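One structure below.
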Amino acid sequence: MMYDRGFNTGFGDMMRGIGAAELLFLMFAALVVVGIVVLIVLAARGGRGHSSSGAGQGPGSISTSSHDEAVVIARRRLATGEITKEQYDEIMTALGG
């Protein structure tokens, strides 16, 4: 019986199955598809906002925690002499307090 040890001119080699190179390519392609899906999901979530505390508020409004923090900072600046009483009153008027 004669064995073919040289170049194979038939299509027999194509039907052996998936080789290592093909398997690596398929795994890489799957990772690319998964990455694209993850990016799409993250982009869709980013458009909805990050926290529920600011939901339903307009762009010029301040949430309660931000308002409280701003009041504390203004009081501290008044107490340390960084701002005058008039400036403090202007800040409080701007904050709506």
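The values are calculated or read from the model by the stated rules, or taken from the named source; none is laboratory data. All values derive from a computational prediction rather than experimental measurement. Methodologically, a virtual Cβ is constructed for each residue, glycine included, from the backbone with ideal geometry; neighbour enumeration extends over all protein chains shown.
Quick rundown of the values:
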{"read-out": "Within region 59-82, considering residues that are outside any loop (DSSP other than H, G, I, E, B) and within 27 Å of the chain's Cα centre (by Cα), the one modelled with the lowest pLDDT", "value": "Thr64"}
{"read-out": "Flag if Ser52 is modelled with pLDDT under 70 and surrounded by 10 or more Cβ atoms within 10 Å (Cβ to Cβ)", "value": "no"}
{"read-out": "Those residues of region 74-97 which are surrounded by 12 or more Cβ atoms within 10 Å (Cβ to Cβ) and of a type in the set (A, V, I, L, M), in sequence order", "value": "Ala74, Leu78, Ile83, Ile91, Met92, Leu95"}
